[in-house]
Amino acid sequence: MALQILQPLIYAFAVLRCVMASIVLAEHAILQTIALVLSPVPPVYRTVAWLFTAVHCRMLLALAGYGWIQVEMVTKKKTRGSQLQEKWSPKAGDVIVSNWCSWAEILWLAFRQVTTQSTQLKEGDFN
């Protein structure tokens, strides 16, 4: 009975969250497009693009209800509580493999490890 009374509020809240997420995504697209002006200066562009991506990923994760996702590194051995003591720092070219992934994990990885892929084109590549 109580759920029936709250049902319109639940739907209104869901619509509000979707609208807010759409605004964040549109804002991110616009700001990334504006940041392309800085592409002739790669260090500045990377910093600005990282900042925009990190802020917008955190905003979307917060809208989804995730406060902060705790990082836990474990060894490959299947033992309970065995902690890995080394820092996690993937480098350019490293591959992150997962057998299952949700959209929240993709946002979290984008927040934690923003990568910029670029390809150098030679003159004549478009011919």
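The values are calculated or read from the model by the stated rules, or taken from the named source; none is laboratory data. Model, not experiment: these values are computed from the prediction. Glycine also receives a Cβ, built like all others from the backbone with ideal geometry; neighbour counts cover every protein chain displayed. Heavy atoms of the whole protein, side chains included, go into the accessibility calculation; ligands, DNA and RNA do not. Shrake-Rupley method; radii C 1.70, N 1.55, O 1.52, S 1.80 Å.
Just one of ILE10, ILE34 is more than 16 Å from PHE111 (Cα to Cα), at pLDDT 85 or above, within 20 Å of the chain's Cα centre (by Cα) and not charged (D, E, K, R); which is it?
Residue meeting the stated conditions: ILE34.
Taking region 1-56 as the search range and keeping residues that are open to solvent by less than 80 Å² (accessible area, probe 1.4 Å) and among the polar types (S, T, N, Q), which one is farthest from TRP68 (Cα to Cα)?
This residue is SER39.
Is it the case that region 65-73 has a residue that's touching a strand residue (DSSP E or B) at 6+ places or on another chain (Cβ under 9 Å) and not basic (Lys, Arg)?
Yes, that holds for at least one residue.
What tally of residues in region 99-109 results from selecting those that are within 23 Å of GLY65 (Cα to Cα) and modelled with pLDDT under 75?
Looking only at that region, the number is 2.
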